[in-house]
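Peer 1: Can you keep this structure in mind? I'll have questions shortly.
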Amino acid sequence: MVFGGSPEGARPHLVGALWLMASSQSLAALVAELATAHDLELLQGAADLHRYSRDSYDYSPILQPRLAPCRADLVVRPLTFSGVERLAAACGRHGVPLTLRGSGTGNYGQSVPLEGGVVMLCGALREVEHLDPSSGVVTVQPGCLMRDLDQHLRAHGRQLRLLPSTWRSASIGGFVAGGSGGIGSIRWGFLRDPGHLLGAEVVTVEQEPRRLQLDAPEAEALNHAYGTNGILTRLQLATAPAVDWHQISIDVDTWGAAVALLQRCCRAAVALHLATLLERSVLECLPPWSGPESDRHRLLFLVAPDGVSTLARLAAASGAALHDLGPEDLDGGKGLRELSWNHTTLHMRSADVGWTYLQMMLPEPELPAMEQLKQRWGKALLWHLEGVRQQGVARLAALPLVRWTGAEPLHALMTDCRELGAVLFNPHVITVEDGGLGVVDGDQVAAKQRFDPDGLLNPGKLRGWLESISSPGCPGLPHPSRD
Ligand SMILES: Cc1cc2nc3c(=O)[nH]c(=O)nc-3n(C[C@H](O)[C@H](O)[C@H](O)COP(=O)(O)OP(=O)(O)OC[C@H]3O[C@@H](n4cnc5c(N)ncnc54)[C@H](O)[C@@H]3O)c2cc1C
């Protein structure tokens, strides 16, 4: 598909050559209008169009062939807030799709322009604007790298609560719009839990864009919406007191004992920032910085200094071998963080691109379900677990490595997981809903109606919006043509 639309608003359903012609005319008009703007940088070279039209979707052999042909027609980097508004106005006037991009590390093609048009780079808007010394609430622009934001916070005795394992390269805007959790989820749950995102500023995509201040309940609709329902230009986020995390790894002989120890540690009265468990066949393929070579299953912990002795006691009681790796070095890039969450998948794929992965919340009790799946799938399924807090309760999430042998076996595995009671977050799909709980969030669709009435932002990624267009009478969903 290519982009298109009418300046009047509702997008006509043109097809074939007529559609292509309308698109290229709109694009030419848009480029002519923006070319002399001093607050926008326009990139039109083939290398830039290629580079900024892809993200880390190649972890999915299903998404890879589907998304590889997608190309932006133009890449634009606004240098100021008024540049963002100018670009939004031009896209609104000419009916050109607009896909927002942070650092492009998403795994579901979140920043891939399915219908071409403009990709907007957010990286120039990267200031940490304010840190409230009494509450720790930070106001930050979306293009700020999470590493830089965390460094800024640490200089003031605070730290980010939640970080993806890509925290060194990912932007905070991309994390809020495209991420879900990660390092810190053992204590702080997931990004969409109330209390993380406390407010936002949004620019609408219209002929005359508005810049609006949203409180926490309103901002929630833009949280994990893949940039489909408003351009985030400022974020207010809660932070946590800084801790100098200590790195511990523990080797355990049997899988059952390793899972039991993980659970004991997660439920102990110690402050944890990360609790990961890797099956021995996964550990074998990872870089060596989590402890001495081992042929056992390995637990990885980031623990507050006063919790080290407790982990040592719990490990000793299980007859497990503990490695004290010392205080975390945040500058190195070779910490336990970089072996956790989807970095485990990254390292496995570096060793062998035949691996892909799944994401799920395991059913309780976890061990019998994992054993059944292992019995059926053998070495084609390798376990990687993360301790998390879901709605206040300690749970185990899994990001198992899966040997790719085709779409059919992958779907059969997903069916097996669901039948055993796992809740899957499918990383092989492109819409917000299908990668999450599968249900349409009416607030996200309503926000799109409010902030992107012509449906130009990241088209094709919000299923609820697509359904509201195709079934105008659908109860509970706003219709694009209605106020
Ligand atoms: C190795 C690896 C490990 C990962 N680990 C994790 C993990 O632990 N946890 C996790 O949640 N994710 C993880 N991810 C996915 C991804 O890295 C993170 O979600 C990251 O925070 C995305 O940030 P980004 O700047 O790269 O965003 P992008 O990929 O550039 O964008 C993500 C989404 O945000 C939207 N967006 C960007 N800027 C704006 C804006 N200003 N306004 C509105 N929408 C906007 C984009 O349109 C897109 O839909 C991992 C990915 C890889 C490759």
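Bear in mind that the values in this text are calculations on the coordinates, not laboratory data. Quick caveat, the model's predicted, so the values are computed rather than measured. No Cβ is skipped: glycine too gets one built from the backbone with ideal geometry, and neighbour counts run over all protein chains shown.
Peer 1: Which Cα, out of GLN44, SER180, PRO365, lies furthest along the positive dipole direction of the chain (beta carbon charges, K/R +1, D/E -1)?
Peer 2: PRO365
Peer 1: Treat each spin label as a single point 7 Å out from the Cα along the C-beta direction, and report the ALA28 to HIS411 distance in nm.
Peer 2: 4.3 nm
Peer 1: On to the next question. Would you work out the charge dipole size for region 217-324 about its Cα centre, treating the Cβ of every Lys and Arg as +1 and the Cβ of every Asp and Glu as -1, and quote it to the nearest 20 debye?
Peer 2: 200 debye
Peer 1: Just rank LEU198, LEU272, LEU311, LEU457, fewest to most, by other beta-carbon atoms within 10 angstrom.
Peer 2: Ranking LEU198, LEU272, LEU311, LEU457 by Cβ neighbours within 10 Å, fewest first, gives LEU198, LEU272, LEU311, LEU457.
Peer 1: Using a Förster distance of 60 angstrom, determine the FRET efficiency expected from the C-beta separation of SER470 and ASP132, and round it to 0.05. Walk me through the intermediate numbers first.
Peer 2: Details: r = 45 Å, r/R0 = 0.75.
Result of the calculation: an efficiency of 0.85.
Peer 1: Let me ask something else. Calculate, in nm to one decimal, what LEU437 and THR254 gain on full extension: separation in residues at 0.36 nm each, minus their alpha carbon distance.
Peer 2: Residue separation times 0.36 nm, minus the Cα-Cα distance, leaves 62.6 nm.
Peer 1: Kirkwood Rh over alpha-carbon pairs of region 246-424, then Stokes-Einstein at 20 °C and 1.002 mPa s: what D in µm² s⁻¹, rounded to an integer?
Peer 2: 130 µm²/s
Peer 1: If each residue of separation counts as 0.36 nm, what is the full-extension length gain between LYS334 and GLN44 once their alpha-carbon separation is subtracted?
Peer 2: Answer, rounded to one decimal: 100.8 nm.
Peer 1: Compute the long axis of helix 16-34 from its Cα atoms, compare it with the longest principal axis of the Cα atoms of the chain, and write down the angle in degrees, 0 to 90, nearest 10.
Peer 2: The angle comes out at about 90 degrees.
Peer 1: How high is the FRET efficiency between ALA35 and GLU284 when r is their beta carbon distance and R₀ equals 41 Å, given to the nearest 0.05?
Peer 2: 0.15
Peer 1: Where the only charges are on Cβ atoms (+1 Lys, Arg; -1 Asp, Glu), what is the dipole of the chain about its Cα centre, to the nearest 20 debye?
Peer 2: Computed charge dipole of the chain: roughly 400 debye.
Peer 1: While we're looking at this one, here's another question. What is the magnitude of the charge dipole of region 128-241 about its Cα centre, with +1 placed on the Cβ of each Lys and Arg, -1 on the Cβ of each Asp and Glu, and no other charges, expressed in debye to the nearest 20?
Peer 2: Working: 10 positive and 11 negative charges, 95 e Å.
Taking the Cα centre of region 128-241 as origin, the dipole is about 460 debye.
Peer 1: Per 20 Å bin, what is the whole-percent P(r) computed from every C-alpha pair distance within the chain?
Peer 2: 24, 54, 21, 1
Peer 1: Just from its helices, what would the mean residue ellipticity at 222 nm be for the chain, if runs of 4 or more DSSP H residues each count -39500 (n - 2.57) and the sum is divided by every residue, rounded to the nearest 500 deg cm²/dmol?
Peer 2: Working: 17 runs with 153 residues, N = 483.
Computed ellipticity for the chain at 222 nm equals -9000 deg cm²/dmol.
Peer 1: Between GLN375 and ASP58, what FRET efficiency comes out of the Förster formula 1/(1 + (r/R0)^6) with R0 = 35 Å and r the beta carbon distance, rounded to 0.05?
Peer 2: FRET efficiency, ASP58 to GLN375: 0.70.
Peer 1: State which stretch of the chain is the longest one without any exposed GluC sites (Glu not before Pro), exposure meaning a DSSP loop state and at most 11 other Cβ atoms within 10 Å.
Peer 2: 9-292
Peer 1: Sort ILE172, ILE250, ILE430, ILE469 so that the residue with the fewest other Cβ atoms within 10 Å of its own Cβ comes first and the one with the most comes last.
Peer 2: Ordered by Cβ neighbours within 10 Å, fewest first: ILE469, ILE430, ILE250, ILE172.
Peer 1: Hey, how many Å between the Cα centroid of region 210-242 and the Cα centroid of region 136-205?
Peer 2: Using only Cα atoms, the two centres lie 10 Å from each other.
Peer 1: In nanometres, what is the gap between the two model label sites at VAL353 and LEU420, each 7 Å from Cα along Cα-to-Cβ?
Peer 2: Rounded to a tenth, the inter-label distance reads 3.0 nm.
Peer 1: Fewest first, what order do HIS152, HIS94, HIS246 take by the number of other Cβ atoms within 10 Å?
Peer 2: HIS152, HIS246, HIS94
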